[in-house]
Each structure stands twice: as C-alpha cells, then as structure tokens.
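A short write-up of the structure that comes next.
The values are calculated or read from the model by the stated rules, or taken from the named source; none is laboratory data. The model shown is predicted, which means the values in this text are computed figures rather than measured ones. Backbone-built Cβ (ideal geometry, glycine too); neighbour counts: all protein chains shown. Remember, those area values only see protein heavy atoms, side chains included, never the ligands or the DNA or RNA. Shrake-Rupley method; radii C 1.70, N 1.55, O 1.52, S 1.80 Å.
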Amino acid sequence: MEDINVAAFLLINRHAGESAWLDALAIVAAEIMPYLFMLVLVALWSSPEPARKKASLKAGCAVLLGLGASYTVSLFYFHPRPFMQHLGNGLLSHAPDASFPSDHTTFLFSIAFVLALECRTRALGCALLGLGLAGGLARVFIGVHFPLDIFGAALVGLLAACVMQVCNNAASRPGRVLDALAGIRLPGMHR
C-alpha cells in the first residue's frame, strides 16, 4: 500500500515547481480553502432560516469532532510527510509532524459532508466536496501530504458528519441544543 501511496504522490507532485502560475494556484487552493469554507459557514449562520443555521452549527461541530479524531489518530500512528522522506518537490515549508490524516482536508470534508447530507444545503455541500478534494489534491501537489492522507481525511470528515447526523434528532439532548441555537436571530434579521 505504501508503494502505491508514494507512486500516486510522485504522479501528482511531479510537475510542482515547473510552472509559476500552476504552483501559485496550488498554493492558494491548499492554503485558502479553509477560509472559504469558514465564510460559507458564516453565510449559513447569517441566514434567517433556522435549518441553514443548524447546518452551519452541525458543520462546525463536525469540524471539532473530525480534528479531534485526526489528532487522536496522529498520537497512535505517525506517518512522515513526503519532504521528511526526501520525496518530490516541496513548494511550502511545513512542520515535520504527522501527515495522516490531513488536518486541513479533515476540516474541509467535515464541513462539506455535513452540508451534503442536509436537504437544504445538499447542492452547496456537493460543491464543497469538490472544492475539498481540490484543496486536498493541492496539498499533495505542493508536497506536504500523500494521497492516502487526503483519503484518510475524507473518511474522518465523513465519520464526523455521520455522528452529527445522529445528533440531529430533535428528541436527543444535542439535537435540542442545536435547535435552540439555530433559533437565535441576529439583530436586524426577520423570519
């Protein structure tokens, strides 16, 4: 499996450093995507529709769950980053910490999967799944992650989203808390 992971990394990363515009695009995609996703959550929270607010809250909680799971995995399983193994072309410097699963991509997929599972945000969630994949592949292209790091992040994000779906039940304590928070209206907002 490691040979396939390395071969896939080298295939994706092989053109890094050859084109200034492609490198810049990959760096922007790898670094700015979490901020774009945060803006989406803020926009959903700003909606007068409680279902969209609740989706934003669930996505935020899924991020916390996903990153907590990612951190826990890294405590028990250390996989070095490509540059630590002197592989490929690195476009950005990064701390030499565990690469599996990708925290950036866990963040992205946790949000995207929650929104994709919600009826009112499904189209947005599917679009964010595509952007999350692009952001993850950009992190491989710039040399800070392996493809399996991105795949692992997608699984962690999906698991976190599924946990939040289970908590969605209005009869459960987490569901009641989410419903109450989603009912909060910002000043100047009308239903």
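Tabulated data for the structure shown
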{"read-out": "Test result for residue 35, without any contact (Cβ under 8 Å) to a residue 60 or more places away in the chain and within 13 Å of the chain's Cα centre (by Cα)", "value": "yes"}
{"read-out": "Selection status of residue 147, more than 17 Å from residue 33 (Cα to Cα), in contact (Cβ under 8 Å) with a residue 60 or more places away in the chain and not small (Gly, Ala, Ser)", "value": "yes"}
{"read-out": "Candidate set: segment 18-29, residues that are open to solvent by 70 Å² or more (accessible area, probe 1.4 Å) and either part of a helix (DSSP H, G or I) or touching a Gly at 6+ places or on another chain (Cβ under 6 Å) (or both); chosen: the one nearest to residue 167 (Cα to Cα)", "value": "28"}
{"read-out": "Qualifying position, being out of contact with any strand residue (DSSP E or B) (no Cβ under 9 Å at 6 or more places or on another chain) and at pLDDT below 95, among 38, 84", "value": "84"}
{"read-out": "Any chance residue 87 is over 21 Å from residue 30 (Cβ atoms) and touching a residue at least 12 places away in the same chain (Cβ under 8 Å)", "value": "no"}
